[in-house]
Amino acid sequence: MNGMDNILRRIREDAQREMDAMQQEALEKREAILARGREQSERLLAEGRQKNLQLAEGRKARLISAANMESRQVLLYNKQKYIDEVFTLAKKRIEALPWADYAEYLAQWIAHSAETGTETVILSERNREKMGQLVVQRANALREGGAFTLAAETQDIQGVILRRGSVEINGSLDYRFGLLRERLATEVAQVLFQ
């Protein structure tokens, strides 16, 4: 688990550095927009007299409101983008694990996610050839009464699919990280943006 903790720690550190830069950029844009709004408002105040004063104040308030709204939208967009990048980076780090570590990762997921321990394991063609037997053997060893088998068929995925009859459990990294993003996005945002 230390390896995963280190990966998550590095992700958090990388994420924090990038988010700080994004927040600084958003603040600078906000200040530039606010400055333009103030300049326009001051020019209107100088041109208009008493009659135009109310119009200028109204325009100033709208410009500042629009600038604040645009700033919030830019910040929200950057936060969403950064949260997406965190999950993408985590997925890429798992995909880049040395093959023995990746095989262990898959075997552990299989052993803990299977319903019966007798499912058929479907991998990508590359992973089936490189580590298929090792993954199944290791999953069988990890699961009490494990009797997993390696499917002859392959699918174009990173991760694994478990099949028992017509029921499939999707363990592809795309699917799993999609679920993780839905479940953990709020927590990730709290860690990144606190």
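Mean-square fluctuation check for the chain, GNM, Cα pairs under 10 Å: which of VAL121, VAL167, VAL136 is largest?
Comparing VAL121, VAL167, VAL136 in the GNM, the peak value goes to VAL167.
I want to verify the translational diffusion coefficient of the chain in µm²/s; compute it with Stokes-Einstein, Rh as the Kirkwood radius over Cα pairs, at 25 °C and 0.890 mPa s.
The calculation lands on 120 µm²/s.
Heavy atoms of the protein only, probe of 1.4 Å, neighbouring chains included. What is the accessible area of THR118 in Å², nearest 10?
80 Å²
Compute the length gained on full extension between TYR77 and ALA61: take 0.36 nm times their separation in residues and subtract their Cα-Cα distance, giving the result in nm to one decimal.
Gain on stretching TYR77 to ALA61: 3.4 nm.
Please identify, among THR116, THR149, THR88, the residue showing maximal mean-square fluctuation in a Gaussian network model of the chain using a 10 angstrom Cα cutoff.
It is THR116.
Using a 7 Å offset from the Cα along the Cα-to-Cβ direction at both GLU182 and ALA147, what is the distance between the two label points in nm, to one decimal?
Roughly 3.3 nm, to one decimal.
What number comes out for accessible area per residue over the chain if the probe is 1.4 Å? Units Å², please.
Details: 12190 Å² over 194 residues.
Value returned for the chain: 63 Å² of accessible area per residue.
Give the calculated FRET efficiency between ALA189 and ARG38 to the nearest 0.05, with a Förster radius of 30 Å applied to their Cβ-Cβ distance.
Approximately 0.45, to the nearest 0.05.
In terms of Cα to Cα distance under 25 Å, which lysines are near enough to LYS92, apart from those fewer than 8 places away along the same chain?
LYS92 reaches LYS79, LYS81, LYS130.
Roughly how many nanometres apart are two label points built 7 Å out from the Cα toward the Cβ at LYS130 and HIS112?
2.3 nm
When ranked by the protection proxy of mean other Cβ atoms within 10 Å per residue, highest first, what sequence do the peptides 98-106, 175-183 form?
Packing proxy ranking, top to bottom: 98-106, 175-183.
By how many nm would the segment from GLN24 to ASP84 grow when fully extended, if each residue of separation counts as 0.36 nm and the alpha-carbon distance is taken off?
19.7 nm
Which whole-number percentage describes the relative contact order of segment 44-194, with Cα contacts under 8 Å and a sequence gap of 6 or more?
20 percent
The values are calculated or read from the model by the stated rules, or taken from the named source; none is laboratory data. Given the structure is predicted, the values throughout are model-derived calculations rather than measurements. Don't worry about glycine lacking a Cβ; one is built from the backbone with ideal geometry, like all the others, and counts go over all protein chains shown. These area figures cover heavy atoms from the full protein model, side chains too; ligands, DNA and RNA do not enter into them. Shrake-Rupley method; radii C 1.70, N 1.55, O 1.52, S 1.80 Å.
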